[in-house]
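The next block holds one structure in the form of C-alpha cells; read it before the comments.
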There are 2 protein chains.
Amino acid sequence: MSILVVGSVAFDTLETPHGKRERVQGGAAFHFAMAASFFTDVRVVGVVGEDFLPEHEETLKKRGVDTTGIEHAEGKSFHWAGSYMKSLSEAETLATDLNVFGSFAPKIPASYLDSDYLFLANIDPVLQLQVRKQMPDVKLVAGDTMNYWIADHRANLEKVLAELDVLLINDGEARMLAGENNLLKAARKVMEMGPKSLVVKHGEYGATAFFCDRSFTGVSHITLPFRAPAMPLDEVVDPTGAGDCFAGGFYGYIASQPELTPAVFRKALFYGGVMGSYAVESFGTERLHTLTRDDIEQRFRTLQEISHLELEA
Amino acid sequence: MSILVVGSVAFDTLETPHGKRERVQGGAAFHFAMAASFFTDVRVVGVVGEDFLPEHEETLKKRGVDTTGIEHAEGKSFHWAGSYMKSLSEAETLATDLNVFGSFAPKIPASYLDSDYLFLANIDPVLQLQVRKQMPDVKLVAGDTMNYWIADHRANLEKVLAELDVLLINDGEARMLAGENNLLKAARKVMEMGPKSLVVKHGEYGATAFFCDRSFTGVSHITLPFRAPAMPLDEVVDPTGAGDCFAGGFYGYIASQPELTPAVFRKALFYGGVMGSYAVESFGTERLHTLTRDDIEQRFRTLQEISHLELEA
C-alpha cells in the first residue's frame, strides 16, 4: 500500500572524515522516500526551488517515487550544511537556509488522497498538522521531530503527538521531550502525550520500540519493549539521513504488509536498521542508487544472525 | 566447573541520585564472584585489611564462594569513593585509597590450582600476569581492564592481552585501546593484540561480542559479531559493579557448561546482561543477596522475548 510522506526535499553540503560534498540531494522526505521505495509506493509532498532540476527529480522517479506533490517555487531549495568532523554521531550545523521552505504550505494532490499510510517527516509541527488534517482517513500515522521543535514549538508539537500511531526519534530527543533521563520512564511520558508506540533510535546501538496498550483500561500501560540491533559497520562515510532512511525502511516494510502485527513491527525495525546502515555507507543517498532488494534481504538475514538466540520450548 | 577470579575486594562509598552509602562491600573480584556464584563454583584471590570483618567474608560464603585465597593484611582494605550525580553512565571518582592493595602480591592457594577457568578482573596488569603464570593449565582465560592501565601501563597490559581468550571492556576502553573510533575496526585491532574474542559492553544498549578465527589461516579474520540486548530498567539505583556482574554472569554461565560453543557464548552474553541489570537495582550487591536462580531465568527469558525475531526457513 502507498505511503504519503511530507517533509524537506533539499540540498546538503557535507563534511565528514571521508571528504566534502557540495549540494548533494537531501532532506528528510527525500531520504525517507528513497529508502521506503524499496518496499512500497511512495508519494512525496514538499517544495523545491529553481535549482531543483529534472535530473534531481529523476533520482526519485528512478526509484518509482511519485513526485506529483513536489511543488516548484521561485527561489532556491532548502539547503543545509553540516560537519561531522568532531563526531560521526552528531552533526554540527554550519548553515540552514530555509529558502522556499520558509513559506511552504503543503498541498495534497488529488491523486494522493487515497494514500493508506502517512509519514510526517521532521518539519514544523504546524505543517505536519496541516497535512494530517487533509488526510483524516489513513490507516496509520507515523512521524519524526527534532530538538528545535521540542524546545521552542512545544504546543504545536503536542498537537501532532496526539495524532501519531508511531513516533520515531533518537535517545536525546526522547529524553528532552519527556524531561526524563531514564529511557523507560521517558518512553512512558512520551506515549502519554499521544503516540501509541515510540521507536527510539540509538544510532550504532540499534533501536528500542515501546508500546502503549490502552485497549483494556483506558489508562496507558506499557507492554514489553522490543530491541533491534544495528549493523556493526566498517566505515561510516556520511551519517546524514540515517534516521530518515531507518524510518523509510521501517514504515515502508509495514506498508508493504497486509496487517500490522507485533511480528511485522519487529521485522520493520530490522528493515529500518538495514536501510539506516546502507544509508551511511556513502554520501547522501548514493548507496541506495545501486542497492537491490537482494542486498536488503541479505543484510536483514545478517542482522538476524548476529542477534538471534534460539528460543527453547 | 570452577572459576578462579583475582581482583579487588574493597569497600565503596557511593553517591547516586538515589542516595548515599558509606563503605558498602565492593571491588571488581567481589562483584564478579557474587554474580558468577549463581552459576558455578567461584574462588577468590585478593587482599583485604583489618576492616574486613567475618561478616564481610560471610557475604561471599553465603553464596558458596571460596574465600581461602583472600589474604588478610595489616592496614585498611582498598576503598573507592565515587559519585554518579552528574551521570549514571559514568562515575566521578572522589577517592581511591589503595591501602593494603598497594603492596598486593597474589598467591594462589594449593586448593585453587585445579581451577578450570581464570578471570583476571581489573587490576594492575603486572598482577594479572603473575596470576596467569601460576595457572598455566586453565581451559580459558578472560579478563578486564580500564582506561588507567590502557593509558599508562601499556607494555604490561599488552603482555596480559596476549594471554587472553576473552577480553571484556566497555566502548570507551575499546576505542582507547585501539586508538580507533569505529567499533568494528577497534575490535579488530584489539584482537590483533591477542584476545581471541572481545566483548564490548555498551551499558544500557547491551553488548557486542567480536570473534577472531585464526584456525585456518594464521591471519586474524573476524567472523560475524553477536549483539546482545540489555534490559530496559525503570530505576538504576547504583551502577557500580555492573560491568563486573556482567562478566560474572557471562563467565559463570560459560564455566557451568560442558563445552564452549557459539550458542553457549551467545547465551552467556544474555546471562551477563541479566546479572548486570540486577546489579544496578540496588546499592553494591544488595540485590544479589536475595536473588534466586528463578529470577535469573525469568529475566533471561524476558531478554530473549524483547529481542527475538523469528528466523524463517
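Tabulated data for the structure shown
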| item | result |
| --- | --- |
| For chain B: rounded, prolate or oblate by the Cα gyration tensor [a/c cutoff 1.5] | rounded |
| Label spacing, shortest first and in nm, from A:ARG154 to its equivalents in the remaining copies (7 angstrom along Cα→Cβ) | 4.9 |
| Closest approach to the axis - chain A beta-carbon, rotation onto B, Å | A:TYR205, 2 |
| Amide H within-cut-off set for B:VAL236, under 5 Å, with H built and near neighbours excluded | none |
| Shielding by partners, peptide A:181-187 (average Cβ within 10 angstrom, other chains) | 4 |
| Rounded, prolate or oblate (a/c below 1.5 giving rounded, otherwise prolate when a/b exceeds b/c) for the protein assembly as shown by Cα gyration tensor | prolate |
| Cβ-based net charge around A:SER2, under 9 Å, with every Lys or Arg adding one and every Asp or Glu removing one | -3 |
| Shielding by partners, peptide B:196-202 (average Cβ within 10 angstrom, other chains) | 1 |
| Exercise: per-residue mean of other protein chain Cβ atoms within 10 Å, A:297-309 | 4 |
| Net length gained if the chain between A:THR223 and A:GLU192 were fully extended (0.36 nm per residue, minus Cα distance) | 9.8 nm |
| Exam field: B:GLU192 pseudo-label spacings to other copies (7 Å along Cα-Cβ), nanometres | 5.2 |
| Gain upon complete extension [A:ASP97, A:ASP116; 0.36 nm per residue less C-alpha separation] | 3.6 nm |
| Net +/- balance of residues flanking B:PHE250 in space, Cβ distance below 10 Å, scoring K and R +1, D and E -1 | +2 |
| Burial ordering of A:MET231, B:MET85, fewest other beta-carbon atoms within 10 Å first | B:MET85, A:MET231 |
| FRET E, pair A:LYS107, A:GLN304, Förster distance 60 Å, beta-carbon r, rounded to 0.05 | 0.90 |
| Surrounding net charge for B:PRO195, when Lys and Arg each add one and Asp and Glu each subtract one, Cβ distance under 10 Å | -2 |
| DSSP bridge orientation in region A:3-305 - percent antiparallel, rounded to nearest 5 | 40 percent |
| GNM flexibility winner over chain B from B:PRO229, B:PRO258, B:PRO109 (Cα, springs under 10 Å) | B:PRO258 |
| Simple label model, 7 Å out from Cα along Cβ direction - A:ARG293 to B:LYS133, nm | 6.3 nm |
| A:SER83-B:ALA73 pseudo-label distance in nm [points 7 Å out on the Cα-to-Cβ vector] | 5.0 nm |
| Teacher prompt: A:THR261 distances to equivalent labels in other copies, 7 Å Cα→Cβ, nm | 2.9 |
| Of A:LYS196/A:LYS267; A:LYS185/B:LYS267; B:LYS61/B:LYS139; B:LYS76/B:LYS107, pairs whose Cα-Cα distance is over 21 Å | A:LYS185/B:LYS267; B:LYS61/B:LYS139 |
| Sequence-distant residues sharing a close amide H with A:ASP41 (under 5 Å, placed H) | A:ILE3 |
| Estimated dipole of region B:3-305 in Debye, rounded to 20 [Cβ of Lys and Arg +1, of Asp and Glu -1, Cα centre] | 900 debye |
| J(HN,Hα) series, region A:114-125, from Karplus relation 6.51 cos²θ - 1.76 cosθ + 1.60, nearest Hz, glycine and proline x | 8, 4, 8, 10, 10, 10, 9, 5, 5, 9, 3, x |
| Sequence ranges A:155-161, B:248-254, ranked by mean other-Cβ count within 10 angstrom, highest first | B:248-254, A:155-161 |
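Read-outs throughout are calculated quantities, based only on the coordinates presented, and are distinct from any laboratory measurement. Quick caveat, the model's predicted, so the values are computed rather than measured. Don't worry about glycine lacking a Cβ; one is built from the backbone with ideal geometry, like all the others, and counts go over all protein chains shown.
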